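Just below is one structure, and these are the notes that go with it.
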Amino acid sequence: MLTKQLTIFMEDREGRLCEVLEILKENDINVLSASIADNGSDFGLFRMTVSDTEKAYEALKAKGMMVKITEIIAVTVPHRTGSLETILKAISEADINIQYMYGMASEDHQAAIAIKTDNQEKALEVLKKVEHVTANTN
Amino acid sequence: MIWNEAKECMSRDEIESIQSARLVKVVNRVYHNVEYYRKKMQAAGLEPGDIKGIEDLSKLPFTTYEDLNATYPFGLAAVPKSELVRVHASSGTTGKPKIAVYTRRDIDIWAECAARCMTMAGITRDDVIQVGYGYGLFTGGLGAHYGAEYLGALVIPMSTGNTEKLVNMMVDCQATAIACTPSYLLHVAETLRDKKLLDKVKLRVALCGAEPWTDNMRQQMEDLLHIKAFDIYGLTEICGPGVATDCECHKGLHIWEDHFLPEIIDPATGEQIDSSICGELVITTLTKEGMPLIRYRTKDLTTIDKTPCECGRTMARIQRFKGRSDDMLIIRGVNVFPSQVEAALLTIDGTTPHYMMVVDRKNNEDTLEVQVEVEDRFFSDDVRGLEELSGKVRSALKRAIGLNAKVKLVEPNGLVHSDGKTKHVTDNRKLY
Ligand SMILES: [Zn+2]
(Lines give C-alpha, C1' and ligand atoms only; values in the text may rest on other atoms or scores of the structure.)
Protein backbone atom coordinates (compact mmCIF):
# COMPACT_ATOMS: atom_id res chain seq x y z
CA MET A 1 0.00 0.00 0.00
CA LEU A 2 2.99 2.33 0.37
CA THR A 3 4.04 4.19 -2.74
CA LYS A 4 6.82 6.66 -3.38
CA GLN A 5 5.79 10.19 -4.14
CA LEU A 6 7.81 13.16 -5.34
CA THR A 7 7.30 16.56 -3.76
CA ILE A 8 8.71 19.59 -5.56
CA PHE A 9 8.98 23.00 -3.95
CA MET A 10 7.93 25.72 -6.31
CA GLU A 11 7.91 29.47 -6.05
CA ASP A 12 4.61 30.79 -7.20
CA ARG A 13 5.64 31.90 -10.64
CA GLU A 14 4.44 31.37 -14.14
CA GLY A 15 5.63 28.44 -16.17
CA ARG A 16 7.26 26.57 -13.32
CA LEU A 17 4.84 23.64 -13.54
CA CYS A 18 5.51 23.26 -17.25
CA GLU A 19 9.26 23.24 -16.64
CA VAL A 20 8.86 20.27 -14.29
CA LEU A 21 6.67 18.35 -16.72
CA GLU A 22 9.07 19.14 -19.54
CA ILE A 23 11.99 17.61 -17.63
CA LEU A 24 9.96 14.48 -16.92
CA LYS A 25 8.95 14.17 -20.57
CA GLU A 26 12.55 14.51 -21.73
CA ASN A 27 13.41 11.59 -19.44
CA ASP A 28 10.52 9.43 -20.62
CA ILE A 29 8.84 9.51 -17.27
CA ASN A 30 5.11 9.11 -17.07
CA VAL A 31 3.11 11.07 -14.50
CA LEU A 32 0.57 8.78 -12.83
CA SER A 33 -1.07 11.26 -10.51
CA ALA A 34 -0.46 14.82 -9.45
CA SER A 35 -1.68 17.38 -7.00
CA ILE A 36 -0.76 20.94 -6.11
CA ALA A 37 -0.97 22.54 -2.70
CA ASP A 38 -0.06 26.14 -1.96
CA ASN A 39 0.02 28.46 0.99
CA GLY A 40 -2.18 30.97 -0.74
CA SER A 41 0.54 33.49 -1.48
CA ASP A 42 4.07 32.73 -2.48
CA PHE A 43 4.92 29.05 -2.73
CA GLY A 44 3.41 25.76 -3.74
CA LEU A 45 4.15 22.06 -3.43
CA PHE A 46 3.77 19.92 -6.53
CA ARG A 47 3.22 16.31 -5.46
CA MET A 48 3.12 13.41 -7.88
CA THR A 49 3.62 9.73 -8.41
CA VAL A 50 5.52 8.76 -11.54
CA SER A 51 6.57 5.71 -13.50
CA ASP A 52 10.20 5.88 -12.28
CA THR A 53 10.58 7.81 -9.04
CA GLU A 54 14.37 7.52 -8.64
CA LYS A 55 15.06 8.57 -12.21
CA ALA A 56 12.67 11.50 -11.92
CA TYR A 57 14.27 12.54 -8.63
CA GLU A 58 17.76 12.57 -10.16
CA ALA A 59 16.60 14.41 -13.26
CA LEU A 60 14.84 17.15 -11.28
CA LYS A 61 17.72 17.48 -8.78
CA ALA A 62 20.12 17.84 -11.67
CA LYS A 63 18.09 20.85 -12.80
CA GLY A 64 18.52 22.41 -9.38
CA MET A 65 15.03 21.75 -8.10
CA MET A 66 14.14 21.24 -4.46
CA VAL A 67 12.64 17.77 -4.58
CA LYS A 68 11.98 15.12 -1.99
CA ILE A 69 10.74 11.52 -1.96
CA THR A 70 7.99 10.72 0.53
CA GLU A 71 6.09 7.49 1.10
CA ILE A 72 2.37 7.82 0.82
CA ILE A 73 -0.41 5.32 1.27
CA ALA A 74 -2.07 4.55 -2.03
CA VAL A 75 -5.34 2.67 -1.79
CA THR A 76 -8.42 2.02 -3.86
CA VAL A 77 -11.96 1.75 -2.65
CA PRO A 78 -15.12 0.82 -4.54
CA HIS A 79 -16.65 3.73 -6.39
CA ARG A 80 -19.75 4.18 -4.27
CA THR A 81 -21.27 6.47 -1.68
CA GLY A 82 -19.60 6.38 1.69
CA SER A 83 -16.40 4.59 0.68
CA LEU A 84 -14.17 7.52 1.35
CA GLU A 85 -15.87 8.33 4.61
CA THR A 86 -15.28 4.78 5.84
CA ILE A 87 -11.52 5.03 5.53
CA LEU A 88 -11.21 8.56 6.83
CA LYS A 89 -13.26 7.60 9.87
CA ALA A 90 -11.06 4.58 10.52
CA ILE A 91 -7.97 6.75 10.42
CA SER A 92 -9.34 9.49 12.61
CA GLU A 93 -10.67 7.01 15.18
CA ALA A 94 -7.12 5.71 15.52
CA ASP A 95 -6.03 9.27 16.40
CA ILE A 96 -3.99 9.72 13.27
CA ASN A 97 -3.91 13.08 11.49
CA ILE A 98 -4.17 13.30 7.76
CA GLN A 99 -1.69 15.84 6.44
CA TYR A 100 -2.99 15.75 2.91
CA MET A 101 -4.69 13.53 0.38
CA TYR A 102 -5.51 13.60 -3.28
CA GLY A 103 -7.12 11.46 -6.00
CA MET A 104 -5.09 9.11 -8.16
CA ALA A 105 -5.61 7.29 -11.45
CA SER A 106 -7.58 4.04 -11.08
CA GLU A 107 -9.53 1.25 -12.85
CA ASP A 108 -13.22 1.57 -13.64
CA HIS A 109 -15.58 1.45 -10.69
CA GLN A 110 -12.72 2.14 -8.29
CA ALA A 111 -11.61 5.36 -6.61
CA ALA A 112 -7.92 5.64 -5.82
CA ILE A 113 -6.52 8.05 -3.28
CA ALA A 114 -3.15 9.02 -1.94
CA ILE A 115 -2.98 9.73 1.78
CA LYS A 116 -0.20 11.16 3.93
CA THR A 117 -0.63 11.04 7.67
CA ASP A 118 1.51 11.84 10.67
CA ASN A 119 1.78 8.11 11.44
CA GLN A 120 2.01 6.13 8.24
CA GLU A 121 2.67 2.72 9.80
CA LYS A 122 -0.27 2.86 12.10
CA ALA A 123 -2.49 4.20 9.33
CA LEU A 124 -1.52 1.20 7.18
CA GLU A 125 -2.49 -1.22 9.96
CA VAL A 126 -5.80 0.52 10.36
CA LEU A 127 -6.59 0.53 6.66
CA LYS A 128 -5.74 -3.17 6.25
CA LYS A 129 -8.67 -3.95 8.50
CA VAL A 130 -11.16 -1.86 6.53
CA GLU A 131 -13.33 -3.87 4.14
CA HIS A 132 -12.94 -3.35 0.37
CA VAL A 133 -9.81 -1.22 0.73
CA THR A 134 -7.01 -2.50 -1.47
CA ALA A 135 -3.62 -1.23 -2.52
CA ASN A 136 -3.62 0.91 -5.62
CA THR A 137 -1.29 -0.76 -8.06
CA ASN A 138 -1.52 1.82 -10.80
CA MET B 1 16.24 83.97 10.32
CA ILE B 2 19.44 82.96 12.06
CA TRP B 3 19.49 81.67 15.64
CA ASN B 4 23.07 82.48 16.53
CA GLU B 5 24.43 84.88 13.94
CA ALA B 6 27.72 85.42 15.80
CA LYS B 7 28.55 81.74 15.37
CA GLU B 8 26.73 80.73 12.22
CA CYS B 9 28.17 83.58 10.11
CA MET B 10 31.80 83.70 11.30
CA SER B 11 34.53 84.13 8.72
CA ARG B 12 36.42 81.00 7.61
CA ASP B 13 39.46 82.25 9.57
CA GLU B 14 37.42 82.61 12.75
CA ILE B 15 35.87 79.17 12.28
CA GLU B 16 39.27 77.56 11.80
CA SER B 17 40.91 79.28 14.74
CA ILE B 18 38.04 78.17 17.05
CA GLN B 19 38.31 74.66 15.64
CA SER B 20 42.06 74.53 16.20
CA ALA B 21 41.81 75.76 19.79
CA ARG B 22 39.02 73.31 20.58
CA LEU B 23 40.73 70.39 18.86
CA VAL B 24 43.86 70.89 20.99
CA LYS B 25 41.70 70.94 24.11
CA VAL B 26 39.65 67.85 23.29
CA VAL B 27 42.75 65.86 22.33
CA ASN B 28 44.31 66.76 25.68
CA ARG B 29 41.15 65.79 27.49
CA VAL B 30 40.77 62.37 25.91
CA TYR B 31 44.50 61.65 26.26
CA HIS B 32 44.41 62.26 29.98
CA ASN B 33 40.93 60.95 30.79
CA VAL B 34 40.31 58.03 28.44
CA GLU B 35 42.74 55.15 28.63
CA TYR B 36 41.53 53.69 25.34
CA TYR B 37 42.30 56.90 23.42
CA ARG B 38 45.62 57.34 25.21
CA LYS B 39 46.75 53.85 24.18
CA LYS B 40 45.63 54.43 20.60
CA MET B 41 47.56 57.70 20.43
CA GLN B 42 50.62 56.14 22.02
CA ALA B 43 50.46 53.27 19.54
CA ALA B 44 50.51 55.89 16.78
CA GLY B 45 53.49 57.55 18.44
CA LEU B 46 51.50 60.65 19.32
CA GLU B 47 51.47 62.93 22.32
CA PRO B 48 48.89 65.66 22.88
CA GLY B 49 51.53 68.28 22.09
CA ASP B 50 51.82 66.95 18.54
CA ILE B 51 48.36 68.30 17.76
CA LYS B 52 48.69 72.06 17.45
CA GLY B 53 45.66 72.74 15.29
CA ILE B 54 43.34 71.38 12.62
CA GLU B 55 46.28 71.02 10.23
CA ASP B 56 47.44 68.12 12.43
CA LEU B 57 44.04 66.39 12.38
CA SER B 58 45.10 63.69 9.94
CA LYS B 59 47.83 62.50 12.36
CA LEU B 60 45.16 61.25 14.77
CA PRO B 61 43.88 57.68 14.59
CA PHE B 62 40.26 57.11 13.55
CA THR B 63 37.52 56.00 15.89
CA THR B 64 35.16 53.38 14.45
CA TYR B 65 32.18 51.28 15.44
CA GLU B 66 34.67 48.56 16.43
CA ASP B 67 36.16 50.95 19.01
CA LEU B 68 32.70 51.67 20.43
CA ASN B 69 32.06 47.94 20.58
CA ALA B 70 35.37 47.26 22.33
CA THR B 71 34.70 49.92 24.96
CA TYR B 72 30.97 49.27 25.41
CA PRO B 73 29.25 50.70 27.36
CA PHE B 74 31.23 53.48 29.09
CA GLY B 75 34.85 52.89 28.04
CA LEU B 76 35.05 56.10 26.00
CA ALA B 77 33.53 58.33 28.68
CA ALA B 78 35.86 61.24 29.41
CA VAL B 79 34.21 62.30 32.67
CA PRO B 80 33.28 60.44 35.88
CA LYS B 81 29.93 58.66 35.69
CA SER B 82 28.44 61.13 38.16
CA GLU B 83 28.78 63.85 35.50
CA LEU B 84 26.78 61.86 32.95
CA VAL B 85 23.06 62.49 32.62
CA ARG B 86 21.85 60.58 29.55
CA VAL B 87 22.44 57.53 27.37
CA HIS B 88 21.33 57.09 23.78
CA ALA B 89 21.86 54.03 21.62
CA SER B 90 21.16 52.57 18.20
CA SER B 91 21.87 49.18 16.73
CA GLY B 92 25.41 48.27 15.76
CA THR B 93 26.72 45.85 13.16
CA THR B 94 26.66 42.93 15.55
CA GLY B 95 25.64 42.30 19.14
CA LYS B 96 26.45 45.51 20.97
CA PRO B 97 24.46 48.65 20.33
CA LYS B 98 26.21 51.90 19.47
CA ILE B 99 25.99 53.92 22.61
CA ALA B 100 26.68 57.56 23.46
CA VAL B 101 26.69 59.25 26.85
CA TYR B 102 26.01 62.90 27.52
CA THR B 103 26.76 65.39 30.27
CA ARG B 104 24.33 68.21 31.08
CA ARG B 105 26.41 70.61 28.99
CA ASP B 106 26.37 68.15 26.07
CA ILE B 107 22.57 68.13 26.22
CA ASP B 108 22.54 71.96 26.27
CA ILE B 109 24.87 72.23 23.28
CA TRP B 110 22.82 69.63 21.44
CA ALA B 111 19.69 71.72 22.12
CA GLU B 112 21.48 74.84 20.85
CA CYS B 113 22.49 73.01 17.67
CA ALA B 114 18.97 71.66 17.16
CA ALA B 115 17.55 75.16 17.75
CA ARG B 116 19.89 76.55 15.07
CA CYS B 117 18.61 73.87 12.69
CA MET B 118 14.98 74.62 13.47
CA THR B 119 15.48 78.35 13.03
CA MET B 120 17.10 77.62 9.70
CA ALA B 121 13.88 75.83 8.70
CA GLY B 122 11.95 78.92 9.75
CA ILE B 123 10.60 77.56 13.04
CA THR B 124 10.22 80.17 15.84
CA ARG B 125 8.92 80.44 19.38
CA ASP B 126 5.48 81.14 17.91
CA ASP B 127 5.28 77.69 16.34
CA VAL B 128 3.44 74.63 17.60
CA ILE B 129 5.64 71.65 16.73
CA GLN B 130 4.74 67.98 16.79
CA VAL B 131 7.68 65.70 17.41
CA GLY B 132 6.87 62.49 15.58
CA TYR B 133 10.17 60.71 16.19
CA GLY B 134 10.37 57.90 18.71
CA TYR B 135 11.21 58.94 22.25
CA GLY B 136 13.67 56.64 23.96
CA LEU B 137 17.12 55.29 23.23
CA PHE B 138 16.73 56.65 19.71
CA THR B 139 18.00 60.25 19.63
CA GLY B 140 15.26 61.61 17.35
CA GLY B 141 12.47 62.22 19.84
CA LEU B 142 14.36 63.75 22.73
CA GLY B 143 16.81 65.58 20.45
CA ALA B 144 14.10 67.41 18.51
CA HIS B 145 12.12 67.93 21.72
CA TYR B 146 14.95 69.66 23.61
CA GLY B 147 15.85 71.76 20.58
CA ALA B 148 12.29 72.98 20.09
CA GLU B 149 11.85 73.74 23.79
CA TYR B 150 15.15 75.61 23.85
CA LEU B 151 13.89 77.63 20.92
CA GLY B 152 10.73 78.36 22.88
CA ALA B 153 8.26 76.68 20.54
CA LEU B 154 5.26 74.80 21.92
CA VAL B 155 6.19 71.13 21.70
CA ILE B 156 3.72 68.28 21.30
CA PRO B 157 5.67 65.09 22.09
CA MET B 158 3.73 62.66 19.89
CA SER B 159 6.42 60.01 19.48
CA THR B 160 5.59 57.33 16.88
CA GLY B 161 2.99 54.66 16.41
CA ASN B 162 -0.34 56.47 16.51
CA THR B 163 -0.90 58.31 13.27
CA GLU B 164 -4.61 58.79 13.93
CA LYS B 165 -3.92 60.63 17.17
CA LEU B 166 -1.15 62.63 15.51
CA VAL B 167 -3.38 63.93 12.72
CA ASN B 168 -6.22 64.68 15.12
CA MET B 169 -3.96 66.69 17.39
CA MET B 170 -2.41 68.37 14.37
CA VAL B 171 -5.87 69.72 13.58
CA ASP B 172 -7.00 70.36 17.18
CA CYS B 173 -3.82 72.13 18.33
CA GLN B 174 -3.28 73.81 14.96
CA ALA B 175 0.28 72.52 14.73
CA THR B 176 2.45 74.56 12.37
CA ALA B 177 5.56 72.38 12.31
CA ILE B 178 6.48 68.72 12.50
CA ALA B 179 9.72 66.80 13.03
CA CYS B 180 9.69 63.15 11.91
CA THR B 181 11.17 60.81 9.31
CA PRO B 182 10.39 61.76 5.70
CA SER B 183 8.63 58.50 4.94
CA TYR B 184 6.46 58.91 8.02
CA LEU B 185 5.53 62.45 6.98
CA LEU B 186 4.35 61.17 3.62
CA HIS B 187 2.28 58.58 5.43
CA VAL B 188 0.82 61.34 7.63
CA ALA B 189 0.05 63.43 4.53
CA GLU B 190 -1.84 60.57 2.95
CA THR B 191 -3.75 59.93 6.14
CA LEU B 192 -4.78 63.60 6.20
CA ARG B 193 -5.86 63.39 2.59
CA ASP B 194 -7.87 60.21 3.13
CA LYS B 195 -9.61 61.72 6.15
CA LYS B 196 -10.27 64.89 4.16
CA LEU B 197 -8.45 66.93 6.78
CA LEU B 198 -5.91 68.58 4.49
CA ASP B 199 -7.69 71.94 4.49
CA LYS B 200 -8.05 71.89 8.27
CA VAL B 201 -4.34 71.80 9.07
CA LYS B 202 -2.09 74.83 9.58
CA LEU B 203 1.18 72.95 9.00
CA ARG B 204 3.79 75.07 7.21
CA VAL B 205 7.15 73.45 7.85
CA ALA B 206 8.63 69.99 8.32
CA LEU B 207 12.06 68.99 9.55
CA CYS B 208 12.78 65.48 8.35
CA GLY B 209 15.69 63.19 9.11
CA ALA B 210 16.93 59.85 10.43
CA GLU B 211 16.84 58.28 6.98
CA PRO B 212 18.00 59.31 3.51
CA TRP B 213 15.45 60.93 1.22
CA THR B 214 15.33 62.57 -2.16
CA ASP B 215 14.33 65.90 -3.71
CA ASN B 216 11.51 64.01 -5.32
CA MET B 217 10.12 63.15 -1.88
CA ARG B 218 10.55 66.78 -0.82
CA GLN B 219 8.50 67.86 -3.82
CA GLN B 220 5.84 65.27 -3.00
CA MET B 221 5.41 66.39 0.61
CA GLU B 222 5.56 70.08 -0.27
CA ASP B 223 2.88 69.67 -2.94
CA LEU B 224 0.62 67.51 -0.83
CA LEU B 225 0.85 69.53 2.38
CA HIS B 226 1.70 73.02 1.07
CA ILE B 227 4.66 73.20 3.43
CA LYS B 228 8.40 73.71 3.23
CA ALA B 229 10.43 70.62 4.08
CA PHE B 230 14.01 70.59 5.36
CA ASP B 231 16.56 67.86 5.84
CA ILE B 232 18.15 67.42 9.27
CA TYR B 233 21.12 65.16 9.99
CA GLY B 234 22.33 63.54 13.15
CA LEU B 235 23.75 60.26 14.35
CA THR B 236 23.53 58.55 17.72
CA GLU B 237 27.27 58.45 18.30
CA ILE B 238 27.74 62.21 17.80
CA CYS B 239 24.31 63.49 18.83
CA GLY B 240 20.92 63.05 17.23
CA PRO B 241 19.13 65.57 15.03
CA GLY B 242 21.05 68.85 15.12
CA VAL B 243 24.43 68.09 13.57
CA ALA B 244 23.45 69.67 10.23
CA THR B 245 20.41 70.98 8.33
CA ASP B 246 19.71 72.46 4.93
CA CYS B 247 18.67 76.10 4.62
CA GLU B 248 16.10 77.56 2.25
CA CYS B 249 18.68 77.47 -0.56
CA HIS B 250 18.69 73.65 -0.37
CA LYS B 251 22.31 73.48 -1.48
CA GLY B 252 23.60 71.15 1.18
CA LEU B 253 23.28 70.85 4.94
CA HIS B 254 25.08 73.43 7.11
CA ILE B 255 27.12 71.55 9.71
CA TRP B 256 27.87 73.32 13.02
CA GLU B 257 31.60 73.52 12.62
CA ASP B 258 32.20 75.16 15.98
CA HIS B 259 31.09 71.86 17.58
CA PHE B 260 31.70 69.25 14.88
CA LEU B 261 34.85 69.19 12.80
CA PRO B 262 34.13 67.49 9.46
CA GLU B 263 36.61 66.03 6.98
CA ILE B 264 36.41 63.73 4.00
CA ILE B 265 38.57 60.65 3.64
CA ASP B 266 39.04 57.97 1.04
CA PRO B 267 37.21 55.07 2.71
CA ALA B 268 39.55 52.52 1.15
CA THR B 269 42.89 54.06 2.16
CA GLY B 270 41.83 56.21 5.11
CA GLU B 271 43.66 59.15 3.58
CA GLN B 272 42.26 62.63 4.06
CA ILE B 273 41.20 63.98 0.67
CA ASP B 274 40.03 67.28 -0.79
CA SER B 275 36.59 67.69 0.75
CA SER B 276 35.06 68.58 -2.61
CA ILE B 277 35.71 64.99 -3.72
CA CYS B 278 33.18 62.40 -2.65
CA GLY B 279 34.38 60.25 0.20
CA GLU B 280 33.51 59.17 3.72
CA LEU B 281 32.46 61.84 6.18
CA VAL B 282 34.59 61.79 9.34
CA ILE B 283 33.57 63.93 12.32
CA THR B 284 35.52 65.00 15.40
CA THR B 285 33.41 66.38 18.24
CA LEU B 286 35.01 69.60 19.45
CA THR B 287 33.00 70.37 22.57
CA LYS B 288 31.55 67.09 23.78
CA GLU B 289 32.41 66.22 27.36
CA GLY B 290 30.65 62.91 27.98
CA MET B 291 31.97 60.90 25.08
CA PRO B 292 34.18 62.92 22.74
CA LEU B 293 34.78 61.19 19.43
CA ILE B 294 38.04 61.73 17.62
CA ARG B 295 37.84 61.30 13.85
CA TYR B 296 34.74 59.17 13.98
CA ARG B 297 34.03 57.37 10.73
CA THR B 298 30.35 57.92 9.91
CA LYS B 299 30.41 55.62 6.84
CA ASP B 300 28.24 58.18 5.06
CA LEU B 301 29.55 59.18 1.64
CA THR B 302 29.41 62.86 0.70
CA THR B 303 31.36 66.02 -0.18
CA ILE B 304 31.79 69.25 1.80
CA ASP B 305 31.38 72.77 0.42
CA LYS B 306 33.12 75.44 2.51
CA THR B 307 32.11 78.46 0.45
CA PRO B 308 29.72 80.94 2.11
CA CYS B 309 26.04 80.29 1.41
CA GLU B 310 23.51 82.71 -0.10
CA CYS B 311 21.53 82.43 3.14
CA GLY B 312 24.31 84.35 4.92
CA ARG B 313 25.73 81.41 6.86
CA THR B 314 29.38 80.52 6.50
CA MET B 315 29.28 77.12 8.14
CA ALA B 316 30.29 74.40 5.66
CA ARG B 317 27.65 72.40 3.87
CA ILE B 318 27.70 68.64 3.56
CA GLN B 319 25.90 67.46 0.46
CA ARG B 320 23.04 64.98 0.46
CA PHE B 321 24.52 61.56 1.08
CA LYS B 322 25.54 59.59 -1.93
CA GLY B 323 25.56 56.24 -0.17
CA ARG B 324 27.30 54.32 2.59
CA SER B 325 30.79 52.91 2.72
CA ASP B 326 29.44 49.95 4.68
CA ASP B 327 26.35 47.85 4.07
CA MET B 328 24.06 49.50 6.61
CA LEU B 329 20.46 50.04 5.56
CA ILE B 330 18.01 52.42 7.15
CA ILE B 331 14.57 50.86 7.13
CA ARG B 332 11.69 52.78 8.69
CA GLY B 333 14.34 54.85 10.47
CA VAL B 334 15.95 51.75 11.99
CA ASN B 335 19.58 50.90 11.24
CA VAL B 336 19.82 47.40 9.86
CA PHE B 337 22.93 45.48 8.90
CA PRO B 338 22.82 42.33 6.74
CA SER B 339 25.04 40.72 9.38
CA GLN B 340 22.17 40.99 11.88
CA VAL B 341 19.86 39.18 9.48
CA GLU B 342 22.54 36.57 8.92
CA ALA B 343 22.92 36.03 12.67
CA ALA B 344 19.16 35.69 13.05
CA LEU B 345 18.98 33.07 10.31
CA LEU B 346 21.81 31.21 11.99
CA THR B 347 19.58 30.64 15.02
CA ILE B 348 17.09 28.63 12.93
CA ASP B 349 19.24 25.51 12.85
CA GLY B 350 22.87 26.43 13.10
CA THR B 351 23.85 27.30 9.57
CA THR B 352 22.90 30.25 7.45
CA PRO B 353 20.92 29.48 4.32
CA HIS B 354 21.28 31.69 1.25
CA TYR B 355 19.20 34.79 1.75
CA MET B 356 18.37 38.09 0.15
CA MET B 357 16.97 41.21 1.73
CA VAL B 358 14.66 43.11 -0.58
CA VAL B 359 13.94 46.62 0.60
CA ASP B 360 11.26 48.68 -1.04
CA ARG B 361 8.98 51.60 -0.33
CA LYS B 362 5.28 51.04 -0.80
CA ASN B 363 2.68 53.69 0.06
CA ASN B 364 5.54 55.68 1.57
CA GLU B 365 6.41 52.98 4.01
CA ASP B 366 9.61 50.98 3.87
CA THR B 367 9.10 47.28 3.42
CA LEU B 368 11.58 44.50 4.09
CA GLU B 369 11.22 41.09 2.53
CA VAL B 370 13.74 38.44 3.47
CA GLN B 371 13.96 35.69 0.89
CA VAL B 372 15.32 32.43 2.23
CA GLU B 373 16.36 29.53 0.06
CA VAL B 374 14.67 26.27 0.95
CA GLU B 375 17.31 23.62 1.60
CA ASP B 376 17.03 19.86 2.03
CA ARG B 377 17.46 20.12 5.77
CA PHE B 378 14.31 22.13 6.24
CA PHE B 379 12.28 21.06 3.29
CA SER B 380 9.04 19.53 4.47
CA ASP B 381 6.60 18.01 2.00
CA ASP B 382 3.84 19.58 4.03
CA VAL B 383 2.66 23.18 3.54
CA ARG B 384 2.21 23.66 7.27
CA GLY B 385 5.78 22.56 7.97
CA LEU B 386 7.09 25.19 5.58
CA GLU B 387 4.85 27.85 7.07
CA GLU B 388 6.21 27.01 10.51
CA LEU B 389 9.67 27.55 9.09
CA SER B 390 8.80 31.01 7.77
CA GLY B 391 7.16 31.80 11.12
CA LYS B 392 10.37 30.88 12.93
CA VAL B 393 12.43 33.04 10.60
CA ARG B 394 10.01 35.92 11.05
CA SER B 395 10.25 35.87 14.84
CA ALA B 396 14.05 35.47 14.78
CA LEU B 397 14.25 38.58 12.56
CA LYS B 398 11.89 40.53 14.77
CA ARG B 399 14.09 39.73 17.78
CA ALA B 400 17.30 40.63 15.95
CA ILE B 401 16.36 43.84 14.15
CA GLY B 402 13.10 44.89 15.79
CA LEU B 403 11.24 45.08 12.49
CA ASN B 404 8.45 43.01 11.04
CA ALA B 405 9.78 41.47 7.86
CA LYS B 406 7.94 39.47 5.26
CA VAL B 407 9.60 36.09 4.85
CA LYS B 408 9.52 34.46 1.46
CA LEU B 409 10.75 30.94 0.87
CA VAL B 410 12.42 30.56 -2.49
CA GLU B 411 13.80 27.76 -4.63
CA PRO B 412 17.48 26.86 -4.34
CA ASN B 413 20.04 28.66 -6.50
CA GLY B 414 17.66 31.49 -7.12
CA LEU B 415 19.80 33.91 -5.14
CA VAL B 416 23.29 33.09 -6.35
CA HIS B 417 24.67 35.36 -9.02
CA SER B 418 26.37 34.15 -12.14
CA ASP B 419 29.79 35.17 -10.78
CA GLY B 420 29.24 32.78 -7.88
CA LYS B 421 28.96 35.61 -5.38
CA THR B 422 25.78 36.00 -3.45
CA LYS B 423 24.39 39.46 -3.11
CA HIS B 424 22.46 39.97 0.09
CA VAL B 425 20.66 43.23 -0.46
CA THR B 426 18.41 44.62 -3.15
CA ASP B 427 17.28 48.12 -2.32
CA ASN B 428 14.59 49.28 -4.71
CA ARG B 429 14.05 52.63 -2.98
CA LYS B 430 16.65 54.56 -5.00
CA LEU B 431 17.40 56.90 -2.12
CA TYR B 432 20.87 58.01 -3.14
ZN1 LIG C 1 22.56 78.36 3.59
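The values are calculated or read from the model by the stated rules, or taken from the named source; none is laboratory data. Note that the structure is a prediction, hence the values are computed from the model and not measured. Using ideal geometry, Cβ is built from the backbone for each residue, glycine included, and neighbour counts are taken over all protein chains shown. The accessibility values were calculated without ligands, DNA or RNA, using every heavy atom of the protein model including side chains. Shrake-Rupley method; radii C 1.70, N 1.55, O 1.52, S 1.80 Å.
For this structure, a couple of remarks:
- When you filter the trypsin sites (Lys or Arg not before Pro) in the range B:134-212 for DSSP loop state and at most 14 other Cβ atoms inside 10 Å of their Cβ, you are left with B:K195, B:K196, B:K202.
- Qualifying GluC sites (Glu not before Pro) in the range A:50-120, DSSP loop, other Cβ atoms within 10 Å at most 13: A:E107
- Fraction of accessible area attributable to carbon and sulfur, the range A:72-135 (%, probe 1.4 Å): 47 percent
- Chain A, relative contact order [Cα under 8 Å, separation at least 6], %: 27 percent
- Ranked from largest, the principal axis spans of the Cα set of the range B:1-322 equal 66, 40, 35 Å.
- Adding -39500 (n - 2.57) for every DSSP H run of four residues or longer, then dividing by how many residues the protein assembly as shown holds, sets the calculated 222 nm ellipticity at -9500 deg cm²/dmol.
- Normalised contact order of chain B, rounded percent, pairs of Cα under 8 Å and 6 or more residues apart: 14 percent
- Extension gain for B:E375 to B:Q219 (0.36 nm times residue separation, less C-alpha to C-alpha distance): 51.6 nm.
- Neighbour-limited loop hits for GluC sites (Glu not before Pro), the range B:275-379 (at most 12 other Cβ within 10 Å; DSSP other than H, G, I, E, B): B:E310
- Residue-normalised accessible area of the range B:179-309, given per residue in Å² at a 1.4 Å probe: 33 Å²
- Spatial separation of Cα centroids for the range B:195-215 and the range B:356-391, in angstrom: 33 Å
- Number of partner chain Cβ atoms within 10 Å, mean per residue of B:367-378: 1
- Buried area at the B-A interface (accessible, heavy atoms, 1.4 Å probe, summed, Å²): 1800 Å²
- Peptide-level mean, for B:404-410, of C-beta atoms on other protein chains within 10 Å: 3
- Rounded to 0.05, the FRET efficiency of the A:K89 and A:V31 pair, given R0 = 22 Å and the Cβ-Cβ distance, is 0.10.
- Portion, in percent, of the accessible area of the range A:2-70 that falls on carbon or sulfur, probe 1.4 Å: 46 percent
- Solvent-accessible area, 1.4 Å probe, carbon plus sulfur percent, for the range B:1-322: 51 percent
- A Förster radius of 30 Å combined with the Cβ-Cβ distance from A:L21 to A:H109 puts the calculated FRET efficiency at roughly 0.55.
- When the other protein chains are added to the chain by itself, burial of at least 30 square angstrom of heavy-atom accessible area (probe 1.4 Å, ligands and nucleic acids ignored) affects these residues of the range A:3-17: A:F9, A:E11.
- Ligands, DNA and RNA are left out, and with a 1.4 angstrom probe the accessible area of the range B:329-431 is 45 Å² per residue.
- Probing with 1.4 Å while keeping every protein chain in the model, the per residue accessible area of the range B:1-135 equals 45 Å².
- At R0 = 45 Å, FRET efficiency that the Cβ-Cβ distance of B:A6 and B:Y72 yields, to 0.05: 0.75
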